[in-house]
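Worksheet for the structure shown next.
FYI, it's all coordinate maths here, none of it is from the lab. Worth saying up front: this structure is predicted, and the values here are computed from it rather than measured. Every residue, glycine as well, gets a Cβ built from its backbone with ideal geometry; the counts of neighbours run over all protein chains shown.
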Amino acid sequence: MMKRLTVLLGVLACGAVGCSDPEPSTSPSSPDAGTSDLTDMILVDAGSDLGAPEDQPVDMPPVEDMTTPDADMSEPVDQGQDQSDDMNAEEDMAPSESTGPIRGRFESAGPIRNCNDLATWNAPDGFLLRPQMGVCDDDMTALADTIVANLDAAAARDARVMLVIGQGLNLPSSWLDSCETYALESGRFTGESCVPWDSNYQAKLQEALQTHIGPRVKDHQALAGVYFTISTMTNGSEMHFRTNRSTFSNYPGDEVLRQSYKDVMAIYQDAFDVPIVFEAGHCLWNDDKDCQTPFELYTSTRDTYGVDAVGVAMWNCAERFFVSENSPEFHTRPIFEEASKDGASIGCQTVGSFAQACRFTSTETADYGTPPMGPGNSTCPDSTPEDIENACVDTVDWFRGARQINPASPVIQGTWGEFWSADMRTDGVYHTSTACQEAIDAMIPDTP
């Protein structure tokens, strides 16, 4: 409740004196419940880092993969559409000035596949911790134990953690029994989940976060930020929702859906005392895309809780996605431009490992090797060590606002990175390329 109290006190003060104007599992089923006994912790390896590119014509650059570093799948790519002019409109309320965005060189470590797992990682500043909401099924105490154990392990190495608790098709079984559900069929993501406007779903989420998990991690020195997730995320963690409105038998309309996102954000804000960030590099729906929901989620959270309480991340981080309207991700760029203007926390999880340099190739940016062809093919047949180094330096420099390859690209003031395990291992480009390491090290956290 601390953030709401702060907002309330600010409102009261202004009234008195006047004020100037933040891998999801590819398996939709919930694993068997684990145990809260942490004396038998299991170490799991970091992700394989070899996500698969999607099908594409031979004359096109590689398109975005909707998986995270531990997954491997091929899905059709959505085509973006123009959004309403109000996405670019100035907000009535000026955001508060940021005093310290999240900074750091994190690793997107392997997912927590079982209750009590510990992630392994190599990055200098910490890692992205990725349990699913249903990894311990209905045992929220065991889930909290698993999260705390990973935070303690990070603290022991003077490191920090970005926490994302995946939802989507990964909810506990009792939640599905008590809520209105919908069915999703999107490639390997097939199953049921709760509709986000369902009051029982929101009550279950509130109990999990505010009763079981939030109090356990409050003031933990290793927790840097928490990702907002919701039941309508295809892979549990990213903003995209690969279906159509007709999926729902009684779809209540975009405004109701949009409000449910804001309601869930309020649950997260009340549960945790660190910035709540969310993946914002995608729009919702296959047809008649909705980019307004993530845009409003950012601005309304900023205006309600302050810019230090919210951040955004692109998990398709590559300059080529945001250059022109030919890219479906182009229509999310106003979110990152707004957050950059505000001085908010902005994160980058690259579209692929830099070792897969051809994943960054585009005629609108640069050639890092011939794009791989065919589903499940993630090799770069002719990418050289120089291509790998350049893909790292060019991407990171663009993300943190140092330079652009294409002058039409947005200027992003990125603050933290989540890099693939293949890049952060001792034989990865972070260690083999001085230029790459220097680019990434520009995101070293500020000294307290």
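Side notes on the structure shown:
- Of the GluC sites (Glu not before Pro) found in the stretch 238-328, those in coil by DSSP whose Cβ has at most 15 other Cβ atoms within 10 Å are E325.
- Gain on full stretching of the segment that runs from D219 to R188 - 0.36 nm per residue minus C-alpha separation: 7.4 nm
- Within the stretch 367-447, the trypsin sites (Lys or Arg not before Pro) that combine a DSSP coil assignment with at most 16 other C-beta atoms in a 10 angstrom radius are R403.
- Those residues of the stretch 276-300 whose amide nitrogen sits under 15 Å from the label point placed on E325, 7 Å along Cα→Cβ: 289
- Intensity falloff of the stretch 282-438 expressed as log10 I(q)/I(0), Debye formula with alpha-carbon point scatterers, at q = 0.09, 0.13 Å⁻¹: -0.30, -0.63
- Annotation note: trypsin sites (Lys or Arg not before Pro) in the stretch 218-271 located in DSSP loop regions with a Cβ neighbour count of at most 16 within 10 Å are K218.
- Close amide H pairs (under 5 Å, H built 1.01 Å from N) link D138 with S173, residues at least 5 positions away or on another chain.
- Additional length obtainable on full extension of the chain from D446 to T211, 0.36 nm per residue less Cα span: 81.4 nm
- Long-range HN-HN contacts of F419 with modeled amide H, under 5 Å: F106, E107, S108
- Hz values of 3J(HN,Hα) by residue in the stretch 362-367 - Karplus curve (6.51, -1.76, 1.60), Gly and Pro given as x: 7, 5, 8, 10, 7, 9
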